[in-house]
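**Student:** After the structure tokens below, expect a handful of questions from me.
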Amino acid sequence: MSVSIHLTDGIVLARSGFDSSFNYRSATLFGICEEITGQEKVQQLDAFIDKLVPGRAADLRASTEQELKATALLGMTITEASGKIRSGGVHDNPEDSHERVWAGVLGVETRFTDLTPDDETPVLVEAAENLRRLLGKVI
């Protein structure tokens, strides 16, 4: 099996479309997978939830047997990996340096922006502290 991961850090805006690019980090992992079952599966699913939002698994009800049956979880032993990073600025064609076009890097940022409750959440139920902390809104 292979898994590919990519994160964009910026859009490199050159003076031509051809010389434009992205700043990024990427990795491709190769390995052998096997299914994770039983109590280890429950623990790993909770660990995944907590990796996304620390402390969230403790706030949730336990998964039902039907939910666990409907969810496959694979563990991968990585046998090979390849990574690549592109950073830095514009590498224009030297002949384009006279063009009166802005060139540089448009930074890209990924962040949490807001907590919007769904229509089923009672008005008096406040978002858990671990969620508010992600937004820097812990009082």
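The numbers here are math on the coordinates, done by the rules we state, and not lab data. Since the model is a prediction, treat every value here as computed from it, not as a measurement. Backbone-built Cβ (ideal geometry, glycine too); neighbour counts: all protein chains shown.
**Student:** Please return the longest range in the chain lying between exposed loop sites, taking chymotrypsin sites (Phe, Trp or Tyr not before Pro), DSSP loop only, at most 15 other beta-carbon atoms within 10 Å, and leaving the sites out.
**Tutor:** 19-101
**Student:** Given contacts defined as C-alpha pairs under 8 Å and at least six residues apart, what's the relative contact order of the chain, whole-number percent?
**Tutor:** 33 percent
**Student:** Please go through the stretch 65-101 and write out the GluC sites (Glu not before Pro) that DSSP classes as loop and that have at most 16 other C-beta atoms within 10 Å.
**Tutor:** Qualifying residues, ordered by number: GLU99.
**Student:** Between ILE36 and VAL125, what FRET efficiency follows from the Cβ-Cβ distance if R0 is 25 Å, with the result rounded to 0.05?
**Tutor:** Rounded to the nearest 0.05, the efficiency is 0.15.
**Student:** Return the long-range amide H neighbours of GLY10 (sequence gap of 5 or more, or a different chain), with a cut-off of under 5 Å between placed amide H atoms.
**Tutor:** Under 5 Å from the amide H of GLY10 lie the amide H atoms of ASN23, VAL108, each far enough along the sequence or on another chain.
**Student:** In nm, to one decimal, how far is the LEU115 label point from the SER82 one, both placed 7 Å along Cα→Cβ?
**Tutor:** My value for the distance between the label points is 4.3 nm.
**Student:** About the Cα centre, and with charges only on the beta carbon of Lys, Arg (+1) and Asp, Glu (-1), how big is the dipole of the chain? Nearest 20 debye, please.
**Tutor:** That gives a dipole near 320 debye.
**Student:** Another one. Would you mind counting up the charge near ALA14? Only other residues with Cβ under 9 Å from its Cβ, with Lys and Arg at +1 and Asp and Glu at -1.
**Tutor:** Result for the neighbourhood of ALA14: -2.
**Student:** Using the alpha-carbon atoms, what tilt in degrees (0 to 90, nearest 10) does helix 38-52 show relative to the longest principal axis of the chain?
**Tutor:** That works out to roughly 50 degrees.
**Student:** Can I ask one more? As an exercise, identify the trypsin sites (Lys or Arg not before Pro) in the stretch 37-139 lying in DSSP coil whose Cβ has no more than 15 other Cβ atoms within 10 Å.
**Tutor:** Here the sparse-neighbourhood loop sites are ARG61, ARG100, ARG111, LYS137.
**Student:** Can you find, among LEU115, PHE18, LEU74, the residue sitting farthest towards the positive end of the charge dipole of the chain, where Lys and Arg contribute +1 and Asp and Glu -1 at Cβ?
**Tutor:** PHE18
**Student:** May I pose another question? Student exercise: in the chain, how many lysine pairs 8 or more apart or on different chains have Cα atoms under 30 Å apart?
**Tutor:** 5
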